[in-house]
Amino acid sequence: MEKGVVRYGIVGVGMMGREHMVNLAHLRTDGAVVTCVADPHPPSLDLAVELARSLDSPLLAVFSDHHQLLDSRLCDVVVVSSPNMTHFEILMDIINHQKPHHVLVEKPLCTSVEDCKKVVNAANQRPDIVVQVGLEYRYIPSVAKLIGIVKSGMLGQVKMVAIREHRFPFLVKVNNWNRFNVNTGGTLVEKCCHFFDLMRLFAAANPVRVMASGSIDVNHKDEIYDGKVPDIIDNAFVIVEFDNGSRGMLDLCMFAEGSKNEQEISVVGDIGKGEAFVPESIIRVGLRAEGRTGVKTEKAEDERIKYDGLHHGSSYLEHMHLLSMLKGERLGAPAVRLTDGLLSVAIGVAAQLSIEKGRFIAIQEVLQE
């Protein structure tokens, strides 16, 4: 690694891969440089090259296969932003490659608990590489501020975490891969691993069992791809019980474009309550002793963010923190570890299974896959 410069390769340059390119371009003065990209889809590669030109980025090496990118020795870090079902094979190839490459892998880590566990075990044999999971919602300014408030103890012992995501349907992706559970892991893995990760953070505990109810009620029912109708659910309620007695609840609706906020997060402790609203970017905090009149509303901003992008600046902060770690400016483990990625997937898998079986699913039941 050239002193002060960290070279990035991106595997999968669809919408999110190109978003990573823009974020890294805004970190160029800090030493980040995208040197190569890989994608089997020629139109995506063309868009990536065009984007690099518009960003005045250095000339990109372009590959149709991630093996070629790894063998090129042109990068120090690989960002994996390819479709979910490809993560496992790509991650194992990176981890087992002779040249060490650090990794930022988009959520979900993999589409199954079994594959996540294999990645964790393989990475444990490579102490020379850092692998961070892209659960970047932790960095959204209002969410990050609420995390800090909870960790400060201001709300007391957390008892309940409620997260509402009311949003638009899934976007169209290359070859419509995200329309089927076999490719995504299911909606509660693909999208909601973010929220299960936040629940664990707020509760400061690990999941014990999960109960969910959900279905396909509005979206994608009139779509057909290669003779198949999409099977991804578009709404659900999920209850998660944690090993310290706290519980979490997710309220997901993906046909709720008429919402002021896409995410509303409530954390209630035995002393007080905190809320975060996205994209309104405000937090509210109230203590039981002060009642309704004592509730304070505050704007959440992070002046370090140079690019808001698709996720309210959280991807920028995610890259900034990882980059400073790789340059030796921050010590310790990556902010989001592989075990965090594994457990966020495990809760999602348990929720999907609960809908299918109509009963509570013990986390141990899915971790034994």
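Read the figures in this text as sums done on the coordinates, not as results from a lab. Not measured: the values here are computed from a predicted model. FYI the Cβ positions are ideal-geometry reconstructions off the backbone, even for glycines, and counts take in every protein chain you see.
Restricting to Cα pairs below 8 Å that are 6+ residues apart, what does the relative contact order work out to for region 84-132? Please round to a whole percent.
Normalised by residue count, the contact order of region 84-132 is 48 percent.
Would you mind calculating the gained length between residue 359 and residue 270 on full extension (0.36 nm times residue separation, minus the Cα-Cα distance), in nm to one decimal?
My answer for the length gained is 29.1 nm.
May I ask for the angle, rounded to the nearest 10°, between helix 15-25 and the longest principal axis of the chain, with both axes built from Cα atoms and the value confined to 0 to 90°?
70
Once you treat every alpha carbon in region 171-266 as an equal point and sum by Debye, what is log10 I(q)/I(0) at q = 0.15, 0.16, 0.20 Å⁻¹?
Listed by q, the Debye log ratios stand at -0.67, -0.75, -1.04.
I'd like to know how region 1-96 sits against the 2.2 N^0.38 Å rule of thumb: what's its Cα Rg over that expected value?
Region 1-96 yields a ratio of 0.99.
Going by Cα centres, region 256-311 and region 173-201 are how many Å apart?
A separation of 24 Å, based on Cα centres.
Specify the inter-centroid distance of region 213-227 and region 1-58, based on alpha-carbon positions, in whole Å.
Distance between centres, Cα-based: 34 Å.
Translational diffusion coefficient of the chain at 4 °C, 1.567 mPa s, Stokes-Einstein with Kirkwood Rh over Cα pairs, in µm²/s as a whole number.
The estimated diffusion coefficient comes to 61 µm²/s.
With everything on Cα atoms, drop me the angle between helix 42-54 and the longest principal axis of the chain, reported from 0 to 90° to the nearest 10.
Between the helix axis and the principal axis of the chain, the angle is about 90 degrees.
In what sequence do 239, 361 fall when counting other Cβ within 10 Å, fewest first?
239, 361
Hey, rough spin-label estimate for residue 225 and residue 28, points 7 angstrom out along Cα→Cβ, what's it come to in nanometres?
Between residue 225 and residue 28, the label points sit 3.5 nm apart.
Once label points are set 7 Å from the Cα along Cα→Cβ at both residue 41 and residue 68, what is their separation, rounded to one decimal in nm?
Between residue 41 and residue 68, the simple spin-label model gives 1.8 nm.
For the pair residue 306 and residue 49, how long in nm is the line joining their label points, each one 7 Å along Cα→Cβ?
Spacing of the two 7 Å Cα→Cβ label points: 2.7 nm.
Taking the Cβ of each residue in 194, 41 as the centre, tally the other Cβ atoms inside 10 Å and list the residues starting with the fewest.
41, 194
Rounded to the nearest 5, what % of DSSP beta bridges with both residues in the chain are antiparallel?
Counting only bridges with both partners in the chain, antiparallel ones make up about 60 percent.
If each residue's Cβ is checked for other Cβ atoms within 10 Å, how do 299, 306, 191 rank with the fewest at the top?
Ordered from fewest to most neighbouring Cβ atoms within 10 Å, 299, 306, 191 come out as 299, 306, 191.
Based only on Cα atoms, what mean projected area does the convex hull of region 218-296 have, in nm²?
8.0
Over region 213-369, what lengths in whole Å, largest first, do the semi-axes of the equivalent ellipsoid take, defined as the square roots of 5 times the eigenvalues of the alpha-carbon gyration tensor?
Semi-axis lengths for region 213-369 are 30, 24, 21 Å.
Given all pairs of different Cα atoms, what value in angstroms does the Kirkwood hydrodynamic radius of region 35-145 take?
Every distinct Cα pair counted, the radius reaches 15.1 Å.
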